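K.L.:
My questions will all concern the structure given below.
The values are calculated or read from the model by the stated rules, or taken from the named source; none is laboratory data. Since this is a predicted model, take the numbers as computed values, not measurements. Neighbour counts are summed over all protein chains in view; Cβ atoms, including those assigned to glycine, are modelled from backbone coordinates with ideal geometry. Only protein heavy atoms, including side chains, enter the accessible area calculation; ligands, DNA and RNA are left aside. Shrake-Rupley method; radii C 1.70, N 1.55, O 1.52, S 1.80 Å.
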Amino acid sequence: MSGLKVLSRPFNLEFEEALLNLEFDDSPLLLKEGLRYLDLAGWYEYLCDIPTLQPDSRHFSVDCELHIKKWWEISYQPEKAQVYAHSNTRQPLHNDNAWFADGAEVNFFAMERQARAGGAQIIYPVSRLMTDLASAQPELLRDLCDCEVVISKGADGGAHRTSVIREGEKTRCYWNFYRIDKTDANIMKMCEAFFLFLERQETSSSVLRVFCDTNDCLVFNDTLLLHGRESFEAKNAYDRILHQSMWKFTAASSL
């Protein structure tokens with residue numbers, strides 16, 4: 001469907017259907033004022049009560065160590081600004097769980113504090129990506145679908161061997177430029193070409209810009225779209241605070 005869905009109230013049939021439809025829908029879901037209905041603990045409990053979702057609490061720290069946490073904080077912290085999670089710089093398009101062979105699909109963002117300016121999410125649905133690549137760079141699209149890469153982060157995360165774009169019943173994407181093994185010259189060439197393509201596409205009509213106000217929640221399928229972030233204004237630590245949790249669809253949701 002590839003269009004932003006904006007909902008003003010949770011806990012009704014429309015909201016739950018939109019949430020479960022994320023298994024096959026590359027449209028992000030924006031819930032206005034979501035943190036005014038429930039706090040982080042309340043949202044976690046609510047999602048745990050949905051039979052077709054299960055939490056995946058694996059997160060990597062700044063030093064690439066694996067931790068188990070219900071929520072992961074993405075906040076501006078100048079002393080840690082060498083990593084995107086804690087900087088105020090633009091973040092390129094990527095997938096969050098590409099390094100897990102069994103990664104979570106659902107990414108739940110909760111904006112505790114938005115920056116005074118900037119910081120919009122940039123979102124590139126895979127359905128639009130496929131159309132754009134087929135038109136502009138069909139050879140690159142072929143390579144992204146056919147070439148196996150190895151994506152890894154941290155010694156405890158294992159290694160995910162996959163094509164960057166995996167075609168099937170639903171086409172999915174596994175992409176993080178900085179975490180793909182690029183020792184092979186052909187893989188390096190492909191990754192650099194895709195990185196530049198995505199950079200150019202950020203200003204195209206194919207890419208959505210979603211601004212989350214303080215207390216908004218944004219939910220999407222991490223395998224069905226690429227996401228990134230615009231730069232933002234921040235002077236003091238924690239001028240912007242975003243919380244993230246990860247969720248898997250259970251087998252029951254596909255029946």
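K.L.:
Looking only at residues in region 188-203 that are aliphatic (A, V, I, L, M) and either open to solvent by 20 Å² or more (accessible area, probe 1.4 Å) or without any contact (Cβ under 8 Å) to a residue 24 or more places away in the chain (or both), which one is nearest to L141 (Cα to Cα)? Give the steps one after another, and end with the answer.
P.N.:
First, pick out the residues of region 188-203 that are aliphatic (A, V, I, L, M): 188, 190, 193, 196, 198.
Add one more test, that the residue is either open to solvent by 20 Å² or more (accessible area, probe 1.4 Å) or without any contact (Cβ under 8 Å) to a residue 24 or more places away in the chain (or both), and what stays is 188, 193, 196.
Working: M188: 15, A193: 10, L196: 13 Å.
Only one residue fits best here, namely A193.
K.L.:
Do any strands (runs of 3 or more DSSP E) lying entirely in region 39-88 carry at least 2 residues that are crowded, with 16+ Cβ neighbours inside 10 Å, at pLDDT below 95 and of a type outside the set (S, T, N, Q), and which ones are they? If you could, list the steps in order and put the result at the bottom.
P.N.:
Working: elements: 53-55, 58-60, 66-68, 72-75.
Filter on region 39-88 gives 58-60.
K.L.:
Let me ask something additional. If you check L66, L31, which single one turns out to be touching a helix residue (DSSP H, G or I) at 6+ places or on another chain (Cβ under 8 Å), within 24 Å of R229 (Cα to Cα) and not acidic (D, E)?
P.N.:
L31
K.L.:
Hey, does region 219-237 have a residue that's more than 19 Å from Y174 (Cα to Cα), open to solvent by less than 10 Å² (accessible area, probe 1.4 Å), in contact with a strand residue (DSSP E or B) (Cβ under 8 Å, 6 or more places away or on another chain) and touching a residue at least 60 places away in the same chain (Cβ under 8 Å)?
P.N.:
No, the conditions are met nowhere in region 219-237.
K.L.:
Let me ask you something else. Does L242 satisfy the condition of being touching a residue at least 40 places away in the same chain (Cβ under 8 Å) and either in contact with a Gly (Cβ under 7 Å, 6 or more places away or on another chain) or not in a loop (DSSP other than H, G, I, E, B) (or both)?
P.N.:
Yes, satisfied.
K.L.:
Specify the residue that is farthest from M130 (Cα to Cα); the eligible residues are those in region 158-176 that are hydrophobic (A, V, I, L, M, F, W, C) and surrounded by 16 or more Cβ atoms within 10 Å (Cβ to Cβ).
P.N.:
Per the criteria, the residue is W175.
K.L.:
While we're here: When you go through (1) buried (at least 21 other Cβ atoms within 10 Å of the Cβ); (2) among the small types (G, A, S); (3) in contact with a helix residue (DSSP H, G or I) (Cβ under 7 Å, 6 or more places away or on another chain) one by one for G119, which number turns out not to apply?
P.N.:
The single condition G119 does not satisfy is (3).
K.L.:
So, one more: For region 20-36, how many residues meet the condition of being more than 26 Å from R172 (Cα to Cα), in contact with a Cys (Cβ under 9 Å, 6 or more places away or on another chain) and outside any loop (DSSP other than H, G, I, E, B)? First the steps, then the outcome.
P.N.:
Our first condition is that a residue be more than 26 Å from R172 (Cα to Cα); within region 20-36, this holds for 32-36.
The next check asks that each one be in contact with a Cys (Cβ under 9 Å, 6 or more places away or on another chain); those that pass are 32-35.
Checking which are outside any loop (DSSP other than H, G, I, E, B) leaves us with 34-35.
Selection size over region 20-36: 2.
K.L.:
Something else about it: Taking the options I180, I241, name whichever one is open to solvent by less than 50 Å² (accessible area, probe 1.4 Å), closer than 29 Å to A134 by Cα and among the β-branched types (V, I, T).
P.N.:
Just a single option satisfies the conditions, and that option is I180.
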